[in-house]
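Reviewing the structure listed below.
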Amino acid sequence: MDIDGVIEPIYFLITSFGFIILSFIQYKKTGKTLETIYLTILSIFFIVCFIILNFY
């Protein structure tokens with residue numbers, strides 16, 4: 001396996017699922033806080049990156 005600067009799109013999908021799970025746990029524990037909004041925005045950003053890398 002050679003690392004030549006190529007990032008596989010599946011990594012963005014896996015990371016976005018992780019952020020979705022973390023934001024859900026954070027929301028259940030503390031409600032709607034700044035951290036919950038930040039994690040949700042990150043998950044949306046990584047899903048958008050996954051879609052862009054796969055379909056464009």
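Using Cα atoms only, what is the angle between the long axis of helix 34-55 and the major principal axis of the chain, expressed in degrees (0 to 90) to the nearest 10?
With both axes taken from Cα atoms, the answer is about 20 degrees.
Run the quick spin-label model on Phe17 and Lys32: label points 7 Å from Cα toward the beta carbon, then report their separation in nm to one decimal.
It is 2.8 nm.
Would you mind checking the radius of gyration and Dmax of the chain based on alpha-carbon positions, in Å?
Calculated on Cα positions, Rg and Dmax stand at 13.5, 43 Å.
So what is the 222 nm mean residue ellipticity for the chain from helices alone, if each DSSP H run of at least 4 adds -39500 (n - 2.57) and you divide by all residues, rounding to the nearest 500 deg cm²/dmol?
Computed mean residue ellipticity for the chain: -27500 deg cm²/dmol.
Using a Förster distance of 30 angstrom, determine the FRET efficiency expected from the C-beta separation of Val6 and Ile41, and round it to 0.05.
Computed FRET efficiency for Val6 and Ile41: 0.70.
Per the 1.4 Å probe, what fraction of the accessible area of the chain, in percent, lies on carbon and sulfur atoms?
Carbon-and-sulfur percentage of accessible area, whole number: 73.
What percent do you get for the relative contact order of the chain when only Cα pairs under 8 Å and 6+ apart count?
It comes to 46 percent, rounded to a whole number.
What are the ³J(HN,Hα) values, in whole Hz, obtained from phi via the Karplus relation 6.51 cos²θ - 1.76 cosθ + 1.60 with θ = phi - 60°, for each residue of region 26-32 in sequence order, with x given for Gly and Pro?
4, 5, 5, 7, 10, x, 7
The values are calculated or read from the model by the stated rules, or taken from the named source; none is laboratory data. Values in this document were obtained by computation on a predicted structure and should not be read as measured data. Note: ideal-geometry Cβ built from the backbone for every residue, glycine included; neighbour counts use all protein chains shown. The accessibility values were calculated without ligands, DNA or RNA, using every heavy atom of the protein model including side chains. Shrake-Rupley method; radii C 1.70, N 1.55, O 1.52, S 1.80 Å.
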